[in-house]
Every structure is written in structure tokens, then in C-alpha cells.
Amino acid sequence: LIPGKMDDEVVESKELDSKEATRFRALAATANYVAQDKADVQYAAKEICRQMSRPCEADGNLLKRLARYFVQLPELVIHYPFDSADEDVVVFADSDWAGCLRIRKSTSGGVMFVNGGCVKTWSSTQVSIATSSGEAELYALSRAGTEGLGMKSLMFDIGCAANVVVKGDSTAAVGVVKRKGAGKLRHVHVKHLWLQNIVANGDLAEQKVNGDANAADLLTKLPPWR
């Protein structure tokens, strides 16, 4: 059984033979390389690469569908407004709770803007299995906070002082970040609560953003156009 991610179902599929499996891995790796600069396919490429160890026929169909997307939308243009005076690091974070239908793990997605321009995006499967959407969003915020503070440190090294703002669309996750301790979330891993101290100390700001304005939404699911 493998997750048919693009059809939101779990399907049975026959494993590819050795030759086809090698070809699948090569094409999947190529898609993953291209996705570094094409955020609209990062989620799809990530899900396909998760099947590289034992690819099946259904995985090959997902790869073909991604290839069709490349044919119809081969380019992604990123604009950098250099005339902007805002040097803040703004990081959007989002998650899809239990998006993997096979093992029920979630995906963390993030988009980082510096001076109004997109400088980094990511889409990665969370290590821990989140037991609620708020927990999954907290893990996504934790990753976004790490990336934002890393960029802040890099900018400091080159003589730029920047503030870091992390934005998420989950009221529950934002509430956890802005308080102290786990509260009722006894099952949440302690390593993700470090963000509370960072926010309390003023090293990083957390803001709630509407879901339709969350730039990271694209990194946790397929684009609405297929």
C-alpha cells in the first residue's frame, strides 16, 4: 500500500522492476533538484522522493503527472523589490495535519522573505506524528523560527540588523508560542517549546495570518490547478 497523494487515497500497486526503479529514482532526483528553485512543485517532488526506496507503478504515475505540470507551467518568476527599505526577515509557516495517508505524518512548509523578496522555501515531512492540527502547526512554526533566526545571524555577520517575524495561520499554535510551558499539551515534545522563550525575550515576533494570505500554504499541498 502506498499513498496516492495526488488523489487523496491509498492504493495498491505493484513494485517496479529493477530497471524501471532505477529510472524512477533518477527522474525523481531530477525533479527534486529543479524544485529547489520552483516552490510550486516542492511538495509534489518531496512526496515522490519519499518513495525512492521501493517505487511502485502508482509512484510512476505521480511522476508522470508532475512531468505534465512542468510541461504546462515550466517557469516560476520570483520578483525582488530592491527599492524596499524593509530589512525584516518574514517567515511564513504552514502544515497539513496527517497529510500522509500511509503513516499519518504531517508536512511542514515555509517561505522566507528578506527585504520583500523570497530567499528560501521548504517542504519537509515532520519527524514526529502530530496528534492534532495545532501540534502539527507548532512543529511548522518551530522550523520557521529556526530558519528565521539563522537568516538573522547571517545578516548580522554582513552588517545588517534585522528583526524576525514568523507568521502562521493556526490560532492554537500561535497561542502555544505566546505562552509559557506546555499547558494541556503534555504530549508535545519539549524541544519544540524553545520558541516560547525566544518570543518572550523579543528575539522573534509571532503573528497570526489568515489562511488565504499564508504564502507557505503552497508548500504543504498540491497547487489548486492540476
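The values are calculated or read from the model by the stated rules, or taken from the named source; none is laboratory data. Since the model is a prediction, treat every value here as computed from it, not as a measurement. Heads up, the Cβs are rebuilt from the backbone with ideal geometry, glycines too, and the neighbour counts pull from every protein chain shown. Please note that ligands, DNA and RNA were not included when accessible areas were found on the heavy atoms of the full protein model with its side chains. Shrake-Rupley method; radii C 1.70, N 1.55, O 1.52, S 1.80 Å.
Observations on the structure shown:
- Result for the chain in a Gaussian network model with C-alpha springs under 10 Å: among D37, D59, D17, the largest mean-square fluctuation is at D17.
- Efficiency of FRET from Cβ geometry, R104 and A26, R₀ 45 Å, rounded to 0.05: 0.95
- Inter-label distance for K19 and Q72, nm, one decimal - labels placed 7 Å from Cα along Cα-to-Cβ: 3.2
- Relative contact order [Cα under 8 Å, 6+ residues apart], region 12-138, whole percent: 21
- Dipole moment magnitude, nearest 20 debye, the chain about Cα centre, only Lys, Arg, Asp, Glu C-beta charged: 780
- Charge tally in the Cβ shell below 15 Å around E75, where Lys, Arg are +1 and Asp, Glu are -1, E75 excluded: -1
- Share, in percent, of DSSP beta bridges within the chain that are antiparallel, nearest 5: 70
- Cα-based helix-to-principal-axis angle, 57-72 vs the chain, degrees rounded to 10: 70
- Computed 3J(HN,Hα) for region 89-96, one whole-Hz value per residue from the Karplus formula 6.51 cos²θ - 1.76 cosθ + 1.60 where θ = phi - 60°, is 9, 10, 10, 8, 10, 8, 8, 10, glycine and proline marked x.
- The chain - Rg and Dmax from Cα coordinates, angstrom: 18.7, 56
- Label positions at T171 and Y80, each projected 7 Å from the Cα along the C-beta direction, are separated by 3.9 nm.
- Sequence of Y43, Y80 when ordered by accessible area, the most exposed leading, probe 1.4 angstrom: Y80, Y43
- Where GluC sites (Glu not before Pro) in DSSP loops with at most 10 other Cβ within 10 Å are excluded, longest remaining stretch of the chain: 76-226
- Net lengthening on full extension, V119/S53 (0.36 nm per residue, minus Cα-Cα): 20.7 nm
- With the highest mean first, a sort of the peptides 210-219, 102-111 on other beta-carbon atoms found within 10 angstrom per residue produces 102-111, 210-219.
- Mean sequence separation of contacting Cα pairs (under 8 Å, at least six apart), scaled by the length of the chain, corresponds to a relative contact order of 21 percent.
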